[in-house]
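Input: a single structure, listed below in structure tokens.
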Amino acid sequence: MYIIPEPQEMEFLEGTYTIRFDHKIVVDVSCGPEAYEYAKMLQEELRACMGYGPAVTRGRSGKTAVTLTVDAALGEEEYRLTAGVDGIGITGGANRGLLYGVQTLRQIVRQAGACVPCMRIHDFPDIRNRGFYHDVTRGRVPTLSYLKGLADNLAFYKINQMQLYIEHSYLFEDLSEMWRDDTPLTAQDILELDAYCRKLQIELIPNISCFGHLYKLLRTKTYEHLCELPGAGGQPFGFVDRMMHHTIDVTNEESLTLIKGLIEEFMPLFTSVHFNIGADETFDLGKGRSLAEAERVGVKRLYIDHVRKLCGFLVEKGKIPMFWGDIVCDFPEVIKELPKQTICLNWGYDREQSDESTKKLAKAGAVQYSCPGVSGWNQFVNRLDVAYENIKRMCTYARQYHTEGVLTTDWGDYGHINHPDLGIPGRIYGAAFSWNGKIPSFEEMNRRISQVEFGDRSGELVSVMAKIADSQVFDWWKAVYYKERGVDALSEKELAAVADGMAGVDAALRKLMDIEEQIRRMMAVLPARTNEMLHACLVAVRGAELFQKIGAVIAAGVQHRETAATADGVQLAAELEEWFMFYKEVWRSVSRESELYRIEEVVFWYADLLRGSV
């Protein structure tokens, strides 16, 4: 039997306890009103697993199956679960601990059904703050129902914080020029999600870009004069360009006024005590409108002064500021200039991520979170081996350097091509490794996720999914970069490199087709709740297969200087367009229209290329 995250202490005893349909779930009088919601959550799980859900009552009952109790002697997130021959008891130190005990019993029931093995569990987290960060800007804006489902999934694995990354995808008043071609979240969406998260003991933390990554805001006619690099508004859209530029001009007083106004409009929608201002990847700072001032005081001074002003503003409003630490990590001594409660979000996403930045920030006295990633950006399916190793390392550093939390990130660079549910294993790595420092091997962790999350008793599903990203040569990043550079923009040397780099396309295609067949065989034996994710996975694999074929066509054209408009190319173009119809259907099942049209532009550009009309 697997429980995720793995409990700190777990002991199996002799015997089993059978949960019967005429027994009850009892909420003890020591519990607050929230405990009723946790009892209902358990009741629904039992009904889904066994066909019946024992009634819920409060006080005492002669036929008690499960008793929920609060004991203030335990820590807030601490709980004890005891299953004996006479029944099951869950005791939490507070609402959060009680909820986590219920989540553990839900996982047990998914595997054991009505016959629960006798056991004792004593559990609590190693790291206090365990968060998940989801990009809702760079391609996908999820539906509200999907975001609620995301919160459910996070709570199931005992995550207690959640952030949504927003640049332009919130419906700010008087900024219709920025979001008019999108489908942004509204104030009511945020209020509804915040209330939903509170019931699940999740703090929904507000986050908007306040320095770099202001692509759409600084391309508007109204505010392009505040962009560090002049002429930003006149350039065509580009996925690559969006990642690299559009930092606000901090030497213009209007910039600070604008950003403070956005914060003041967004902040009241949340009950969180935190606010994340972003402030990462300010690549253009000091290179355009602020050049003269940068030469006078230095780029580092420009950076930290803007961050300090925003953090001070938030502290005045009673909030704890957060900001990304990639820039300040180069001069961490300035951390002392920020309000002492400021949290530095120290990110690093490499497979072999070192502890260098964590160590530097710790030495400088920074309050920091360790922020790994699920490695789904620019991929049809997440690179799970990279995610596992990265998250394992960053959680290990979090313990070693006593960081205040772990925030596992899921970014959507270049259009957020991957279905967000394909990042579920990465989310669970983050939840599991931030709760308990005993980290299983990659294969063992995937086996546990396959069984607990996806109901796969063979334990093979996640390991099969992990092979997908490794079986691609011409991936989405290459596809976007090649398209935006233009066919004629590559030098002879670059053209030769394209051909050499795609030498393994045929082998990659064969691997993908084999993986596709393995997934199809699994669908017959997996529970219905897994099928939507598997369908999204199959559509993603098919897309990856088609782009391997496109890569082969491009490589052949480079080698032989032939046009792509062959009979095979025309057929492939049709297959690509037919596949995209299914892709759109899957997209719309969990996301608003948002920037689906931008992915469409890339896909159809390749269809036209294959027909020889680009």
Subject >> Rounded percent of accessible protein surface that carbon and sulfur make up, the range 302-347, 1.4 Å probe >> reply: 51 percent
**OP:** Would you mind checking the range 12-31 for residues with the amide N under 15 Å from a putative spin-label position 7 Å along Cα→C-beta of Met50?
**Re:** 16-26
Original post:
Quick one: with all protein chains in place, what share of the accessible area of the range 201-286 is carbon or sulfur, to the nearest percent (1.4 Å probe)?
Top reply: 55 percent
Original post:
Once the Cβ-Cβ distance between Phe283 and Val525 is put in as r, and R0 is 41 Å, what FRET efficiency do you end up with, to the nearest 0.05?
Top reply: 0.25
Subject >> Chain lengthening between Lys584 and Arg457 when straightened (0.36 nm per residue, less Cα-Cα) >> reply: 42.6 nm
**OP:** Could you tell me whether the range 54-197 comes out rounded, prolate or oblate from its Cα gyration tensor? Rule is a ≥ b ≥ c as square roots of the eigenvalues, rounded for a/c under 1.5, then prolate if a/b exceeds b/c, otherwise oblate.
**Re:** prolate
Original post:
Quick one: helix 95-112 against the long Cα principal axis of the chain, what's the angle to the nearest 10°, folded into 0 to 90?
Top reply: 90 degrees
Original post:
Rolling a 1.4 angstrom probe over the protein heavy atoms, how many square angstrom per residue are accessible across the range 117-176?
Top reply: 24 Å²
Original post:
Could you give the length gained on full extension between Phe237 and Asp514, defined as 0.36 nm per residue of separation minus the Cα-Cα distance, in nm?
Top reply: 96.0 nm
Subject >> Estimated FRET transfer efficiency (Thr18, Glu404; beta-carbon r; R0 51 Å; 0.05) >> reply: 0.70
Original post:
Looking at this model, which pairs from Lys158/Lys360; Lys319/Lys438; Lys287/Lys340; Lys300/Lys584; Lys158/Lys216 are more than 32 angstrom apart at the alpha-carbon?
Top reply: Lys319/Lys438; Lys300/Lys584; Lys158/Lys216
Original post:
What shape does the range 353-424 have by the C-alpha gyration tensor, where a ≥ b ≥ c are the square roots of the eigenvalues, rounded means a/c under 1.5, and otherwise prolate means a/b greater than b/c and oblate the rest?
Top reply: prolate
**OP:** Would you mind computing, in nm to one decimal, how far apart the modelled labels at Arg296 and Glu253 are, each placed 7 Å from Cα along Cα→Cβ?
**Re:** 1.4 nm
**OP:** Output the antiparallel fraction of DSSP beta bridges having both residues in the range 65-140, as a percent to the nearest 5.
**Re:** 70 percent
Subject >> Proximal aspartates and glutamates to Lys359, defined as alpha-carbon separation beneath 17 angstrom and excluding residues fewer than eight positions away on the same chain >> reply: Asp326, Asp330, Glu333, Asp350, Glu404
Subject >> Cα gyration tensor shape of the range 4-72, rounded if a/c is under 1.5, else prolate or oblate by comparing a/b with b/c >> reply: rounded
Original post:
Once you list every other residue whose beta carbon is under 9 Å from the beta carbon of Thr408, what net charge do they have if Lys and Arg are +1 and Asp and Glu are -1?
Top reply: +1
Original post:
At a 1.4 Å probe radius, carbon and sulfur cover how many percent of the accessible area of the range 1-90?
Top reply: 47 percent
Original post:
Where the centroid of each part is defined by its Cα atoms, how far is the range 222-290 from the range 387-448 in Å?
Top reply: 29 Å
Original post:
Per residue, how much accessible area does the range 364-449 show when a 1.4 Å probe rolls over the protein heavy atoms, in square angstrom?
Top reply: 21 Å²
Subject >> Mean Cβ neighbour count within 10 Å, used as a protection proxy, ranking 598-607, 128-137 highest first >> reply: 128-137, 598-607
Subject >> Per-residue SASA entry for Phe433, accessible area with 1.4 Å probe, Å² rounded to 10 >> reply: 0 Å²
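The values are calculated or read from the model by the stated rules, or taken from the named source; none is laboratory data. Everything quoted here is computed from the prediction, not taken from an experiment. All Cβ positions, glycine included, derive from the backbone under ideal geometry; neighbour counts span all protein chains shown. What goes into the accessible areas is simple: the full protein's heavy atoms, side chains included, and nothing from ligands, DNA or RNA. Shrake-Rupley method; radii C 1.70, N 1.55, O 1.52, S 1.80 Å.
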